[in-house]
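The values are calculated or read from the model by the stated rules, or taken from the named source; none is laboratory data. Quick caveat: nothing in here was measured; it's all calculated off a predicted structure. Don't worry about glycine lacking a Cβ; one is built from the backbone with ideal geometry, like all the others, and counts go over all protein chains shown. Keep in mind that these areas ignore ligands, DNA and RNA; they rest on the heavy atoms of the full protein, side chains included. Shrake-Rupley method; radii C 1.70, N 1.55, O 1.52, S 1.80 Å.
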Amino acid sequence: MIYRTITHRGRKGERRSFAETDYITLLDAAHQQLGGPIVLVWDNLNTHISAAMRGLIAARDWLTVIRLPAYAPDLNPTEGVWSHLKRSIGNLAVTGLDHLLAIIKNRLKRIQYRPDLLDGFLAHTGLALETGST
């Protein structure tokens, strides 16, 4: 699991979510870290399907994107990650936005190093990774 966070602090003109360039920067870093082709399973968030994103994807021959149906959270393993994360911070008192961000990053890092948990998020979708040769 490779992730990045973005913090919205309510400044005028500040973006509240990832832009296409943020996503492609993350994917480029993942490609460099993993050293091989990436198959990305994506939902239909407007930023994921924009013309700008389609162009950025087309320029990367190592990137294959598979789109989920219009509303299919049950097929998206990321939903399991967020659900698990939200349960772990449900009754948490924080001192501010930076404290919350530090806790979220810590919890994501914990998830990142638990392959059994990550496999479970994928298994919950009914999808599976093929391992070994056939």
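Scanning segment 48-80 for residues that are of a type outside the set (A, V, I, L, M) and modelled with pLDDT of 90 or more turns up 48, 50, 54, 55, 60, 61, 62, 64. If a residue has to be open to solvent by 80 Å² or more (accessible area, probe 1.4 Å) and among the charged types (D, E, K, R) to count, how many in segment 1-32 make the cut? Qualifying residue count for the region: 6. Farther than 29 Å from residue 21 by Cα, of a type in the set (Lys, Arg) and free of Cβ contacts under 8 Å to residues at least 24 places away in the same chain: does that describe residue 87? Yes; evaluated as a whole, the condition is true for this residue.
Checked across segment 29-42, the condition of being assigned to a helix (DSSP H, G or I) and farther than 20 Å from residue 112 by Cα holds for no residue.
Conditions tested, residue by residue: (1) open to solvent by less than 70 Å² (accessible area, probe 1.4 Å); (2) in contact with a helix residue (DSSP H, G or I) (Cβ under 8 Å, 6 or more places away or on another chain); (3) closer than 25 Å to residue 122 by Cα; (4) part of a helix (DSSP H, G or I).
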residue: 44; (1), (2), (3), (4): yes, no, yes, no
residue: 56; (1), (2), (3), (4): yes, yes, no, yes
residue: 69; (1), (2), (3), (4): no, yes, yes, no
residue: 80; (1), (2), (3), (4): yes, yes, yes, yes
residue: 84; (1), (2), (3), (4): yes, yes, yes, yes
residue: 90; (1), (2), (3), (4): yes, no, yes, no
residue: 102; (1), (2), (3), (4): yes, no, no, yes
